[in-house]
DNA sequence: CTTGACCCTCACGTAACGTCCGGTTTTACC
DNA sequence: GGTAAAACCGGACGTTACGTGAGGGTCAAG
């Protein structure tokens, strides 16, 4: 009941080249050869190969498959669990990248513009990441916390997500104007300031004390690049308060 | 203002090796060399490199970056859009794989068991995939459709997702018992049949006519492997109806 | 004139094979 | 028994984006 390589390939759906590869890397070496060096696989080899296919199907790299099949002391839970964690991390990276890509405002942009947009987007991401790492959690008192919680419920999850996604988008645009050297008094920047103000208002519910706490905590811990943006848009917002000055 | 390779590396955060690599593949070739063949990069090269970094940051492969930077006729929208689609597909594959992995009932399984579980899981996935492709959509009449829609609302999205995830899990187990040759009358299989019945009931709301239509459409179009499972669990469900026979 | 920092060109390794090549061996048919 | 097709063999390059040496020039400072 010995199988030649072509027959084994047909039975498993793999290619002959793949089987030779598995032999090369020591993953599945046929115990026997004919006098003319043709590989002869046993039924046991077939079973082993099916196990290999199973493990490959869950994305385990061949090296690890070899290890787990050849050293008996491996705990399935641990191996699978570890693998799941690896995949989850990978997935999260992919997801974040895709989200940033979708956020890009590509409509009608030329290549040079587009490249600028991408750079800004990365910068914003790095800034937000730094902010998260350093921790800019504002200190609200209990009453303020209750109030914010009520607002979350009132506004609804869907809108909250929308707002959270709108933030980096807006910051992209602000950063772009800033780096382009546009004056904070420019109508375009004023429009951005208006959107900025509205987003903040939507979060704070218009309460000045909460906005103040927010502002202060950010100012204290924020990375320098973010500070520059903060004061830039702050300039513009000041002008908003005196509409026809 | 010519930069040597090390200086350029420092300014961009890339490694010297990377820059040499970009030269090798023709992505960024310095226009000049010293008499001793040392690379000399211009300011324009620096800018190009920054563009390369931008495009690399959104995950574009180097080959494509070269193409878009060297042939002027490329529309950003199309390139980015295409890239997004590629990433989405990739993400979906990863997500599906991870979901299947998490679905596996690994608790306390030995390696041989585990490999069986994985095989069943793949089989179920293939069956469901085939079913989707062939299209097993049952033909409900308008009244039945309205009824099902009402039930969806009544039951709630969260529970619906739970049920949808529970299905393949249950099928894994059924298939395993079946392939292990367990009798359909075995208590373990009866328990599975109970769960099966309950899941169906949760979908149909207990209405016999809907269950019948469902059953019939599946029986007609289902892949043969699935038919076997269907009649296997059907056997067990018959026994459920006569509790103390 | 030497030392250290910087630069150069090979060239192998990575993951999992696909593809092509030139050369045997087996199998089927006459 | 001869021949031709089918199957098999090992070798080697290609894929992606570099990391990591090996072995050897170049250049400024001391």
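None of the figures in this text is laboratory data; all of them are computed from the coordinates on show. Everything numeric here is computed off the predicted structure, so don't read it as measured data. A quick note on method: Cβ atoms are made from the backbone with ideal geometry, for glycine too, and the neighbour counts reach across all protein chains shown.
Starting from the Cα of residue A:43, step 7 Å along the direction of its Cβ; do the same at residue A:126; then give the gap between the two resulting points in nm.
Simple spin-label model gives 6.3 nm for this pair.
Nm distances between the label at residue A:162 and the same-position labels in the remaining copies, 7 Å along Cα→Cβ, shortest first?
3.0
Determine the calculated [θ] at 222 nm for chain A from helices alone, applying -39500 (n - 2.57) to every DSSP H run no shorter than 4 residues and normalising by the residue count; nearest 500 deg cm²/dmol.
-24500 deg cm²/dmol
Under the Kirkwood approximation applied to all pairs of distinct alpha-carbon atoms, what is the hydrodynamic radius of the protein assembly as shown in Å?
28.8
Tell me the angle of helix B:157-180 to the major Cα principal axis of chain B, expressed in degrees between 0 and 90 and rounded to the nearest ten.
Roughly 70 degrees, rounded to the nearest 10.
Shape verdict for segment B:56-105, please, from the Cα gyration tensor: rounded (a/c under 1.5), prolate (a/b greater than b/c) or oblate.
Prolate, since a/c reaches 1.5 and a/b exceeds b/c.
Taking a label point 7 Å out from Cα toward Cβ, give me the nm distances from residue B:25 to the same spot in the other copies, shortest first, one decimal.
2.1
Between copies, how far apart are the residue B:215 label points? List them in nm, one decimal, shortest first, with each point 7 Å from Cα toward Cβ, please?
From this label point to the equivalent ones elsewhere in the assembly: 7.0 nm.
Mind checking Rg over Rh on segment A:118-210, alpha carbons, Kirkwood formula for Rh?
1.01
Given a Förster distance of 30 Å, report the FRET efficiency between residue B:183 and residue A:1 from their Cβ-Cβ distance, rounded to the nearest 0.05.
That gives a FRET efficiency of 0.45.
Provide a whole-number value for the mean count of partner chain Cβ atoms within 10 Å of the Cβ atoms in peptide B:91-98.
Counting Cβ atoms of other protein chains within 10 Å of each residue's Cβ and averaging gives 4.
Find, to one decimal place in angstroms, the Kirkwood hydrodynamic radius of segment A:90-159, where the mean of 1/r is taken over every pair of different Cα atoms and then inverted.
About 15.3 Å, per the Kirkwood formula over Cα pairs.
I'm checking a number: the convex hull volume of the Cα atoms of segment B:4-68, normalised per residue, in Å³. What is it?
It comes to 81 Å³ per residue, whole-number rounded.
Sort B:116-126, B:153-163, B:5-15 by packing, meaning the average of other beta carbons within 10 Å per residue, with the highest value first.
Put in order of decreasing packing, that is B:116-126, B:5-15, B:153-163.
Let me know the shape class of segment A:193-238, please: from the alpha-carbon gyration tensor, a ≥ b ≥ c as square roots of the eigenvalues, rounded when a/c is under 1.5, otherwise prolate if a/b is greater than b/c, or oblate.
Oblate, because a/c is 1.5 or more while a/b does not exceed b/c.
Between the helical axis of B:187-204 and the dominant principal axis of chain B, each derived from Cα atoms, what acute angle in degrees is found, rounded to the nearest 10?
Result, in degrees: 80.
Normalising by the residue count of chain A, find the relative contact order in percent from Cα pairs under 8 Å and 6+ residues apart.
Taking the mean separation of contacting Cα pairs over the length of chain A, I get 16 percent.
If you fit an axis through the alpha-carbon atoms of helix A:142-155 and take the longest principal axis of the Cα set of chain A, what angle between them do you get, 0 to 90°, nearest 10?
For A:142-155 against chain A, the angle is about 70 degrees.
Which residues in segment A:5-19 have a backbone N closer than 20 Å to a point placed 7 Å from the Cα of residue A:35 along the Cα-to-Cβ line?
Correct set: A:5.
Determine how many Å³ per residue the convex hull of the Cα atoms of chain B encloses.
Measuring per residue, one finds 223 Å³ for the Cα hull of chain B.
Highest GNM mean-square fluctuation, chain B, Cα pairs closer than 10 Å: which of B:196, B:230, B:111?
B:111
Specify, for chain A, the residue whose C-beta is closest to the rotation axis mapping it onto chain B, with the distance given in whole Å.
A:94, 3
Given axes a ≥ b ≥ c from the Cα gyration tensor, I'd like to know whether segment B:163-202 is rounded (a/c under 1.5), prolate (a/b larger than b/c) or oblate.
oblate
Work the Kirkwood hydrodynamic radius out for segment B:1-141: mean of 1/r over every pair of different alpha-carbon atoms, inverted, in Å.
Kirkwood radius, segment B:1-141: 19.8 Å.
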